[in-house]
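To start, the structure itself, in structure tokens.
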Amino acid sequence: MEIRASNTPLSDWSGDALAVGLFEEKLELDGDLAALDKKLAGTLKELIEDEEFKGKPNSTAFTRLSGDNSIRKVILVGLGKADSFDAESLRRAAASAGKLAKKHKCKTLGISLPGLNDDSAQTAQAIAEGVQLALYQDNRFKSEPEEKETQVETIDLLGLGGQDAAVTRANHIVSGVMLARELVAAPANELTPVTMAEIAQDIASEHGLEIEILEKEECEKLGMGAFLGVAQASDLPPKFIHITYKPQGTPKRKLAIVGKGLTFDSGGLNIKGAGSGIETMKMDMGGAAATLGAAKAIGQLKPDAEVHFISAATENMISGHAMHPGDILKASNGKTIEVNNTDAEGRLTLADALVFADKLGLDAIVDLATLTGACIVALGSEIAGLFTPNDDLASELQKASETAGEKFWRMPMEEKYFEGLKSGIADMKNTGPRAGGSITASLFLKQFVKDTPAWAHLDVAGPVWTDKENGYNPSGATGFGVRTLVNWVLS
């Protein structure tokens with residue numbers, strides 16, 4: 001798919017489908033739209049009236065034109081109320097236009113949407129992101145991929161000529177999101193700790209990044225008892241992935257993104273039962289997927305910050321070597337953990353990954369993980385939890401997420417709740433009471449960050465997957481978190 005920033009006037013554009021956006025309660029045609037409607041012999045006005053089009057958010061209307069027109073089809077897209085119009089409105093409108101164009105077998109699409117606060121670059125980037133994310137298809141595991149369908153091949157962003165850099169930026173970010181989607185969607189027999197490490201090596205090689213993959217023996221030398229405790233039941237070797245992006249010159253900041261990398265989670269000896277969603281546990285590496293997706297995007301965007309991308313990748317399986325409920329593990333910072341639930345394994349892998357990151361002399365660490373069902377209970381399937389004791393980092397991440405259109409809600413870190421993690425025979429247990437489960441999980445992770453000034457934990461258990469199509473996210477893996485992380489680094 002090629003996306004072009006174009007200054008071709010609406011009335012001069014030619015192609016399969018032209019999509020124009022209209023605000024709710026502001027359906028009068030003026031300026032370029034009036035000129036286009038005149039050229040089309042009143043087709044736009046007629047379409048608005050015949051379809052009773054009101055401009056509601058993401059609503060659409062469609063009509064075919066006669067054969068002597070340079071445009072074959074016209075699409076109206078609702079933008080909602082003008083006073084609530086933002087970058088996310090642009091993404092969703094572009095997504096609606098793209099999906100309708102594909103449905104009607106259009107190879108070329110022109111999109112004309114209002115500018116965002118006179119910021120043409122942000123406008124072009126948002127439209128380019130929305131339409132590409134909506135048209136993404138993952139047919140890797142079908143014997144007969146749907147490639148015979150007509151695909152949208154060329155998209156012109158009308159009125160946005162000269163914004164090629166913004167389109168390129170969107171392309172780089174979307175490439176990271178698509179990678180994350182493909183990683184999360186891949187079944188556990190395809191995506192293993194070994195293949196995840198290979199993918200990380202490919203990213204580093206393609207984009208000139210540094211990489212080290214620590215094998216089990218090296219992790220043992222570093223004392224990563226928490227990570228290796230989880231890994232010990234699997235027939236597949238664990239892989240500790242560390243990618244580093246370094247800018248030319250002195251970096252303005254040194255950051256780390258740490259992602260939970262459980263390529264499959266059986267629950268261990270506290271096995272997930274039937275009806276628990278065990279068949280979906282291929283997506284328990286959604287944090288690592290976002291981390292690698294962000295690495296791919298950052299490697300192309302080349303910001304002036306040094307960024308470390310870290311994941312302790314493994315499976316949580318069952319065998320005669322499995323860790324038992326009641327076992328005591330020692331993390332690489334010397335803290336001991338009583339395992340009272342082997343299905344709370346992600347925080348154990350993150351513990352050693354955070355200790356590793358904490359020793360790198362960083363300004364900030366952000367970890368993200370499909371960590372708790374409790375966060376889904378609290379915030380639902382579209383909002384991720386943001387936990388941090390640092391107000392400045394919270395503000396940075398919230399601003400980055402708003403720009404990305406990804407929803408986060410800052411959650412409390414009630415220190416008193418750590419009492420629920422106290423153990424009589426170790427420094428802590430790995431789970432606390434059922435109530436406040438996402439809070440105690442974040443307090444557990446906090447014990448493994450000592451020297452880094454700012455740390456945040458993102459619980460993305462809900463938004464990494466959607467059961468049905470939603471805006472520019474098709475059903476399945478969403479690639480959630482990549483755009484927020486990239487925006488945070490770029491800021």
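Prolate is the label for region 41-123. Its Cα gyration tensor axes, ordered a ≥ b ≥ c, give a/c of at least 1.5 and a/b above b/c. Summary value for the chain: 15 percent relative contact order, contacts being C-alpha pairs under 8 angstrom separated by 6+ residues.
Please give the calculated 222 nm ellipticity per residue for the chain, where each DSSP H segment of at least 4 residues contributes -39500 (n - 2.57) and the sum is spread over every residue; nearest 500 deg cm²/dmol?
On the way: 14 runs with 169 residues, N = 491.
Theoretical 222 nm ellipticity from helices: -10500 deg cm²/dmol.
Across region 278-431, how many lysine pairs separated by 8 or more positions, or lying on different chains, have Cα atoms within less than 21 Å? Number of lysine pairs found: 10. Contact order for region 132-257, expressed relative to its length and based on alpha carbon pairs under 8 Å spaced 6+ residues apart, stands at 22 percent.
What FRET efficiency do you get for GLN201 and ASN58 if R0 is 56 Å and r is their Cβ-Cβ distance, rounded to the nearest 0.05? Write down the numbers at each step before the final one.
Numbers: r = 40 Å, r/R0 = 0.72.
Efficiency at R0 = 56 Å is approximately 0.90.
The smallest convex shape that holds all Cα atoms of region 109-199, its convex hull, gives 115 Å³ per residue. According to the square roots a ≥ b ≥ c of the eigenvalues of the Cα gyration tensor, what is the shape class of region 332-491, taking rounded for a/c under 1.5, prolate for a/b larger than b/c otherwise, and oblate for the remainder? Oblate, because a/c is 1.5 or more while a/b does not exceed b/c. Within the straight-line cut-off of under 12 Å between alpha carbons, the aspartates and glutamates reachable from LYS260 are ASP284, GLU315, GLU345, ASP352, ASP367, ASP459, sequence neighbours fewer than 8 places apart in one chain being disregarded. Annotation: amide H-H contacts under 5 Å for GLY479 (H modelled 1.01 Å from N, sequence separation of 5 or more, or interchain): ARG181.
Per residue, how much accessible surface does the chain expose to a 1.4 Å probe? Answer in Å², no decimals.
Values: 20510 Å² over 491 residues.
Computed with neighbouring chains in place, this is 42 Å² per residue.
Counting only the Cα atoms, region 280-347 fills a convex hull of 113 Å³ per residue. Extension gain, LYS103 to GLU419, is 108.2 nm, computed as 0.36 nm per intervening residue step minus the present C-alpha separation. Helix 286-301 and the longest principal axis of the C-alpha atoms of the chain enclose an angle of approximately 60°. With just the Cα atoms defining each centre, how far is region 181-204 from region 76-147? Give it in Å. Each part's Cα centre sits 28 Å from the other's.
With a Förster radius of 45 Å applied to the beta-carbon distance between GLU46 and ARG410, the computed FRET efficiency rounds to 0.40.
Roughly speaking, what is the stretch gain from VAL377 to LYS81, that is 0.36 nm per residue apart minus the C-alpha to C-alpha distance, in nm to one decimal? Provide the component values of the computation, followed by the final result.
Working: separation 296, 0.36 × 296 = 106.56 nm, distance 3.12 nm.
So the extension gain works out to 103.4 nm.
The P(r) of the chain has a tail past 42 Å containing 23 percent of all C-alpha pairs.
For region 106-117, putting each phi into the Karplus relation 6.51 cos²θ - 1.76 cosθ + 1.60 with θ = phi - 60° gives couplings of 9, 8, 10, 9, x, 10, 10, 10, x, x, 9, 6 Hz, in residue order, rounded to whole numbers and with x for Gly and Pro. For region 225-248, the residues whose backbone nitrogen is under 13 Å from a point 7 Å from the Cα of VAL194, taken along Cα to Cβ, are 235-239.
Exactly which GluC sites (Glu not before Pro) in region 348-433 are in a DSSP loop and have at most 16 other Cβ atoms within 10 Å? Taking region 348-433 and a limit of 16 other Cβ atoms within 10 Å, the loop GluC sites (Glu not before Pro) found are GLU382, GLU414.
To put it simply, the accessible area of the chain at a 1.4 Å probe is 46 percent carbon and sulfur.
The values are calculated or read from the model by the stated rules, or taken from the named source; none is laboratory data. The structure presented is a predicted model; accordingly, all values stated were derived computationally and were not measured. No Cβ is skipped: glycine too gets one built from the backbone with ideal geometry, and neighbour counts run over all protein chains shown. Remember, those area values only see protein heavy atoms, side chains included, never the ligands or the DNA or RNA. Shrake-Rupley method; radii C 1.70, N 1.55, O 1.52, S 1.80 Å.
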